[in-house]
Ligand SMILES: Cc1cc2nc3c(=O)[nH]c(=O)nc-3n(C[C@H](O)[C@H](O)[C@H](O)COP(=O)(O)O)c2cc1C
């Protein structure tokens with residue numbers, strides 16, 4: 001009888017733990033893990049040739065689209081190029097029109113030599129769509145970092161692409177919907193450097209009484 005009672009109590013305890021985790025979606029050490037991922041992340045600008053497999057990419061992108069977004073309109077479109085040859089072709093087109101924009105430091109493309117680039121476009125008909133795109137990107141960057149994958153949010157390659165006539169077919173190839181504007185991209189790959197943290201201005205934060 002006592003055995004049955006103990007078993008019942010154990011089952012009730014386990015059930016309450018499960019319910020708690022399901023309700024909050026949180027375990028006990030979430031803050032430590034999240035803080036570690038956020039505070040250790042750095043923009044990576046040197047990558048190895050190792051490709052990121054698509055299952056991994058899809059997991060990261062799923063985290064991306066779980067970001068908060070205005071009215072759940074998800075006012076972004078995401079295009080992924082994980083073919084280094086295509087990234088090299090885009091680079092060639094940019095450099096053809098503007099040779100001064102050739103990749104620096106021996107990088108193989110204008111995306112700091114990354115093997116994979118995620119292009120993010122915003123819905124220009126929605127006033128806060130750029131916020132959606134930024135939050136989406138941050139989720140992507142952090143999820144990738146937690147998997148040992150480095151990244152760098154980049155506006156410059158998108159500026160270069162838009163400023164190059166020869167690149168127009170590649171922007172077309174992204175197949176963005178009407179009213180969507182290519183906003184920025186995220187270069188991504190396995191890191192081949194360990195960048196130092198850049199200082200932040202803590203006086204940007206002020207409590208208002
Ligand atoms: C919207 C945006 C655009 C950026 N554009 C570029 C870029 O074109 N080239 C580049 O090397 N880094 C770019 N960065 C990366 C920043 O330089 C980097 O995040 C910043 O220096 C802080 O360094 P950390 O990410 O290592 O903390 C961009 C970042 C953001 C958020």
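The values are calculated or read from the model by the stated rules, or taken from the named source; none is laboratory data. Predicted model, so just to flag it, every value in this text is computed and none were measured. All Cβ positions, even for glycine, are placed from backbone atoms using ideal geometry, and neighbour counts span all protein chains on display.
Points to keep in mind about this one:
- If you go through the range 84-106 and keep only what is in contact with a strand residue (DSSP E or B) (Cβ under 9 Å, 6 or more places away or on another chain) and part of a loop (DSSP other than H, G, I, E, B), you end up with nothing.
- Taking the range 144-170 as the range and being free of Cβ contacts under 8 Å to residues at least 12 places away in the same chain and touching a helix residue (DSSP H, G or I) at 6+ places or on another chain (Cβ under 6 Å) as the test, no residue passes.
- Screening residue 35 on (1) out of contact with any helix residue (DSSP H, G or I) (no Cβ under 6 Å at 6 or more places or on another chain); (2) modelled with pLDDT of 95 or more; (3) within 30 Å of residue 157 (Cβ to Cβ) shows it passes everything except condition (3).
- Enumeration of residues in the range 27-48 that are within 10 Å of residue 146 (Cβ to Cβ) and in a loop (DSSP other than H, G, I, E, B): 41
- Single unsatisfied condition, residue 201 versus (1) within 16 Å of the ligand (Cβ to nearest atom); (2) loosely packed, with under 13 Cβ neighbours inside 10 Å; (3) under 17 Å from residue 97 (Cβ atoms): (3)
- Scope the range 107-130; condition more than 12 Å from the ligand (Cβ to nearest atom) and not in a strand (DSSP E or B); matching residues: 108, 109, 115, 124, 125, 126, 127, 128, 129
- Flag for residue 97 being surrounded by 13 or more Cβ atoms within 10 Å (Cβ to Cβ), over 17 Å from residue 186 (Cα atoms) and touching a residue at least 24 places away in the same chain (Cβ under 8 Å): yes
- Residue check, residue 143 modelled with pLDDT of 95 or more and assigned to a loop (DSSP other than H, G, I, E, B): no
- Applying the condition of being surrounded by fewer than 16 Cβ atoms within 10 Å (Cβ to Cβ) and either over 21 Å from residue 139 (Cβ atoms) or at pLDDT below 95 (or both) to the range 151-165 and asking which residue is farthest from the ligand (Cβ to nearest atom) yields 165.
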